[in-house]
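Here is the structure we will look at, set down as structure tokens.
Rule-based calculations on the coordinates, nothing more; no lab input. Because the structure is predicted, anything quoted here is derived from the model rather than measured. Here Cβ is always computed from backbone atoms with ideal geometry, including for glycine, and neighbour counts include all displayed protein chains.
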Amino acid sequence: MATDLKLGAALRAIRTSRRLSLAEVAEATRISPSFLSLVELGKSDITIGRLTRLAEFYKMSFTDRLGHERRLIHSPAEGIDVYLLAADTRRTMMPMLLVFEPSAELAEYGRHEGEEFVVVIDGSMVLELEGAEPRLLETGDSAYYSAERPHLFRNASSKKVLRAVCVDSPPPTV
């Protein structure tokens, strides 16, 4: 599935405004130049993890990069939607609503500065923290951990959508 054209164009505009080549961005983010080109042209989807790595490299918040009118990050390859619940990036936290299709999971572990809190609103989530046994979080359960510790979310159900609220503090420069 193709990336939203506005997202691809925004990523390209950031890269070119900083006079960076695809090769330079690829080397710094461990994402191939050919894949980056396809994303910028809107011809390939990008995972949340890769999008996060790009944003960390650019040292920009999601809302800075995507514009205040864009509050949804859609990853059809993963079956995940991330709704940004606060557009103001000057805040000390970034709340997000995560919606995972049945059996959906992040394609790679996330890791960023700060702390992270997650609460399951509906469904069940497997939370994997590097070095620990996976934890099953059911509706109403929550977890709080250092976001610098690699972490991964997965919908534990093959039949039901998972909804969770995740709050990063401080907002990652993603």
Item checked: Rounded to the nearest 20 debye, dipole of the chain from Cβ charges on Lys, Arg, Asp, Glu -> 660 debye
Margin query: Less than 20 Å apart at the alpha-carbon level, and either on another chain or at least 8 residues along: which lysines does that give for residue 43?
Written below: 6
Notebook entry, point to check: At q = 0.11, 0.12, 0.15 Å⁻¹, what base-10 log of I(q)/I(0) does the Debye formula yield for the chain when every alpha carbon is treated as an equal point scatterer in vacuo?
Noted result: -0.45, -0.53, -0.84
Margin query: At most 15 other C-beta atoms within 10 Å and a DSSP loop state: those are the exposed trypsin sites (Lys or Arg not before Pro) I care about. Give me the longest piece of the chain that has none.
Written below: 92-158
Item checked: Kirkwood Rh, angstrom, the range 5-66 [1 / mean 1/r, Cα pairs] -> 11.3 Å
Next item on the list: Sort out for me the Cα centre separation of the range 17-41 from the range 126-163, rounded to whole Å.
Entry: 31 Å
Next item on the list: Set the Förster distance to 22 Å, then compute FRET efficiency between residue 6 and residue 59 from the Cβ-Cβ distance, nearest 0.05.
Entry: 0.60
Next item on the list: Find the Cα radius of gyration of the range 72-169, compare it with 2.2 N^0.38 Å by division, and give the number to two decimals.
Entry: 1.00
